[in-house]
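**Student:** There's a structure below that I have some questions on.
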Amino acid sequence: MPNIKSAKKRVLVAKRQTLRNTSLKSALRTSIRKFESAYATQDVEQAQETLRAAIRALDKAVTKGILHKNAAARKKSRLTKRLNALANNG
């Protein structure tokens, strides 16, 4: 445990930020999983709805500094590609 007051504060702040980041990352993964389950059932309407929510979650993660913008763009691209393949085949 640090002795300097500012270092003590940094420990507390880091702990709080870690909790926030973990929570947001978990919610992001959940939204992506919801899309994947809708995709697995071949339900185009449900997949479109959940993809919209997943893309929104990815964009929010970028603005909050949870995810790098290129990583989010890559994930959005891959998810959209899967939805388009489902829509074209189904």
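**Student:** Might you let me know whether region 20-31 holds any residue that is in contact with a helix residue (DSSP H, G or I) (Cβ under 7 Å, 6 or more places away or on another chain), more than 17 Å from L67 (Cα to Cα) and touching a residue at least 40 places away in the same chain (Cβ under 8 Å)?
**Tutor:** Taking every residue of region 20-31 in turn, none turns out to be in contact with a helix residue (DSSP H, G or I) (Cβ under 7 Å, 6 or more places away or on another chain), more than 17 Å from L67 (Cα to Cα) and touching a residue at least 40 places away in the same chain (Cβ under 8 Å).
**Student:** A54: surrounded by 11 or more Cβ atoms within 10 Å (Cβ to Cβ) and at pLDDT below 95, yes or no?
**Tutor:** No; evaluated as a whole, the condition is false for this residue.
The values are calculated or read from the model by the stated rules, or taken from the named source; none is laboratory data. Since this is a predicted model, take the numbers as computed values, not measurements. As a convention, Cβ positions derive from the backbone with ideal geometry for all residues, glycine included, and neighbour counts pool all protein chains shown.
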